[in-house]
1. For the residue pair Val46 and Asp20, what label-to-label distance in nm results when each label sits 7 Å from Cα along the Cα-to-beta-carbon direction?
2. Using only Cα atoms, locate the centre of the range 36-75 and the centre of the range 1-34, then give the distance between them in Å, rounded to an integer.
3. With springs only between Cα atoms under 10 Å apart, run a GNM on the chain and tell me which of Val68, Val31, Val46 wobbles the most.
4. Less than 16 Å from a label point 7 Å out along the Cα-to-Cβ axis of Phe93: which backbone N atoms in the range 5-29 qualify, by residue?
5. Which trypsin sites (Lys or Arg not before Pro) in the range 1-99 sit in a loop by DSSP (not H, G, I, E or B) and have at most 14 other Cβ atoms within 10 Å of their own Cβ?
6. So what are the radius of gyration and Dmax for the Cα set of the chain, in Å?
7. Points 7 angstrom from Cα along the Cβ direction at Asp57 and Asp102: gap in nanometres?
8. Under the rule of -39500 (n - 2.57) per DSSP H run of 4 or more residues, summed and divided by the residues of the chain, what mean residue ellipticity at 222 nm is obtained, to the nearest 500 deg cm²/dmol?
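No value in this document is a laboratory result; all are computed from the given coordinates. Since the structure is predicted, the reported quantities are computational estimates derived from the model, not experimental observations. Virtual Cβ from ideal backbone geometry, glycine too; neighbours counted across all protein chains shown.
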Amino acid sequence: MSNLFRKRPVTIEARQLDGDTANKRDILLWVESTTQGSFNPLSDEVPISGVSIDPSDGCLMIATLEGVMHAHCGDWIIRGVAGEFSICCDDIFRATYEPVEDGAA
């Protein structure tokens, strides 16, 4: 068996955090509506899924499979094929994904 593998082509949903207040709110509502919802950012309990705003810097905090991650301006918030969320910096996102024409998913 080969030790080389290629990622299967999959279509994901992603939105870029651009620093605009309305954009941040839209992303927060999107993540909140497809997860367990909002969580207390000051709690010691790490949620399985959810979203919050870090009171220290205003960044979005998203509970991912790797734990709670901070999304900064320019980052992409990705909803994977199983509904899981992750955060990806812009340069890695652009090297990994390409736009899909509407209806081509």
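1. Inter-label distance under the simple model: 3.4 nm.
2. The range 36-75 and the range 1-34 have Cα centres separated by 15 Å.
3. Highest fluctuation of the listed residues: Val46.
4. Only 11-29 fall inside the zone, counting backbone N under 16 Å.
5. Arg6, Lys7
6. Every Cα atom of the chain included, Rg and Dmax give 14.9, 50 Å.
7. Distance between the two pseudo-spin positions: 3.6 nm.
8. It comes out at -5500 deg cm²/dmol, rounded to the nearest 500.
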